[in-house]
Amino acid sequence: MKVVVLVGGVGGAKLAYGLAQVLPPEDLTVIVNTGDDTWLYGLRICPDLDTITYTLSDLVNKENGWGVAGDTFNTINAMRRYGEDAWFGLGDQDMATHLLRTRWLREGQSLTEITIRLTKKLGIHQQILPMTNAPVATIVDTKEYGEIDFQTYFVRYRWQPTVKSLRLAGIDQASVSPEVETALNEADVLLIGPSNPWLSIDPILNVPGMRELIVKRDIPRVAISPIVGGEAIKGPAAKLMLELGHKAVSAEAVAHYYGDVINGYVYDVVDGDLTVPQQNVTKFETIMKTDEIKVALARNVLEWIEQWN
Ligand code: FO1
């Protein structure tokens, strides 16, 4: 059964990890948000691609969910000696990824080719694909600082600024890559990970042509709620929902937000029975504190889908 999963940062990476344990590698494709990508010190940083890559190669720092386990920060500490306010935690091993990606981009390789090259070298046999090869950037318009880029919002200001609106710079020039199109056309199941719908999933759905490619497929298209018991597990999803004008912070509101992009919805056992527009709905343990829960969630979702598909 060929599964394609749309993911953003840490939450999505956990589900991708679970899926990678229960599916043959050739049956899993992970389509990754690149709206968090940024230029820093002349290097192209792709946080969500790196989080997925490090997670599936067991290199990831599991406490943070990003960066390389056991990494050192000598380079940015040396920059601090020169008075640099190094607020973005670039590890020394992590730096290798950014240096090679930047060099290969400058040599004209696409982000897709580079991602395939990096992941293969790390022994990853699942297909990890950027949502597009074009450079896009989530820009956050905030009350306190006006428009700032995503990492400034998320890391430097710890997602505390009040968000007035989001926009995706460069999205109009973006297109779905042939690899993403093929994966979507060959998928038997499409999943949307428990990632932030506005910061991580919307950028993917807004790549011109992406939403149409997804909705036209008459296959199970299932999202896992990132909101549990009215709270986000990690990150700004709950705070953002209210700032973007959603009435309530709930798994229900997210199901309505995704609408007809999905025809199935999974939320957490702590939530009561929800009324959602999708006809296939169920609940499982979705708070993936351990690797076992990641695997159980992946298995539960796929087995549940097989029952109604
Ligand atoms: N997140 C943080 O909260 N603090 C950091 O210093 C930080 C550094 C960092 C370096 C490389 C990388 O690939 C990701 C990094 N992240 C950091 C995580 C990143 O900002 C988020 O994971 C995504 O952009 C949101 O999903």
Taking region 1-19 and the residues there that are open to solvent by 20 Å² or more (accessible area, probe 1.4 Å) and among the hydrophobic types (A, V, I, L, M, F, W, C), the one that is farthest from Thr53 (Cα to Cα) would be Met1
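Matching residues to (1) open to solvent by 20 Å² or more (accessible area, probe 1.4 Å); (2) at pLDDT 95 or above; (3) farther than 24 Å from Gly108 by Cβ; (4) assigned to a strand (DSSP E or B):
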site: Pro135; (1), (2), (3), (4): yes, yes, no, no
site: Ile139; (1), (2), (3), (4): yes, yes, yes, yes
site: Glu144; (1), (2), (3), (4): yes, yes, yes, no
site: Gln151; (1), (2), (3), (4): no, yes, yes, no
site: Arg158; (1), (2), (3), (4): yes, yes, yes, no
site: Ser165; (1), (2), (3), (4): yes, yes, yes, yes
Ser57 fails exactly one of (1) surrounded by fewer than 19 Cβ atoms within 10 Å (Cβ to Cβ); (2) touching a Cys at 6+ places or on another chain (Cβ under 6 Å), namely (2)
When Glu63 is run through (1) open to solvent by 30 Å² or more (accessible area, probe 1.4 Å); (2) within 12 Å of the ligand (Cβ to nearest atom); (3) touching a residue at least 12 places away in the same chain (Cβ under 8 Å), the failure sits at (3)
_Residues that are out of contact with any His (no Cβ under 9 Å at 6 or more places or on another chain), at pLDDT 95 or above and within 30 Å of Thr162 (Cβ to Cβ): does region 290-301 have at least one?_
no
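Have a look at Tyr258, Tyr265 and point out the one that is modelled with pLDDT of 95 or more, of a type in the set (Phe, Trp, Tyr) and part of a helix (DSSP H, G or I).
Working: Tyr265 fails: part of a helix (DSSP H, G or I).
Selected residue: Tyr258, the only one of Tyr258, Tyr265 that is modelled with pLDDT of 95 or more, of a type in the set (Phe, Trp, Tyr) and part of a helix (DSSP H, G or I).
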Considering residues that are more than 13 Å from the ligand (Cβ to nearest atom) and open to solvent by 20 Å² or more (accessible area, probe 1.4 Å), the number found within region 111-125 is 8
Output for Cβ contacts, cut-off 9 Å, separation at least six or different chains, first residue over 15 Å from Trp39 (Cβ atoms) and open to solvent by 50 Å² or more (accessible area, probe 1.4 Å) in region 86-110, second in a loop (DSSP other than H, G, I, E, B) and within 11 Å of the ligand (Cβ to nearest atom), reads Gln93/Gly67; Gln93/Asp71
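Run down Leu184, Leu199 and say which single residue is out of contact with any His (no Cβ under 9 Å at 6 or more places or on another chain), closer than 20 Å to Thr51 by Cβ and not in a loop (DSSP other than H, G, I, E, B).
Details: Leu184 fails: closer than 20 Å to Thr51 by Cβ.
Checking each option against the conditions leaves just Leu199.
The values are calculated or read from the model by the stated rules, or taken from the named source; none is laboratory data. As the structure is a computational prediction, the values presented were derived from the model and not from experiment. Note that each Cβ is placed from the backbone with ideal geometry, even for glycine, and that neighbours are counted across all protein chains shown. Keep in mind that these areas ignore ligands, DNA and RNA; they rest on the heavy atoms of the full protein, side chains included. Shrake-Rupley method; radii C 1.70, N 1.55, O 1.52, S 1.80 Å.
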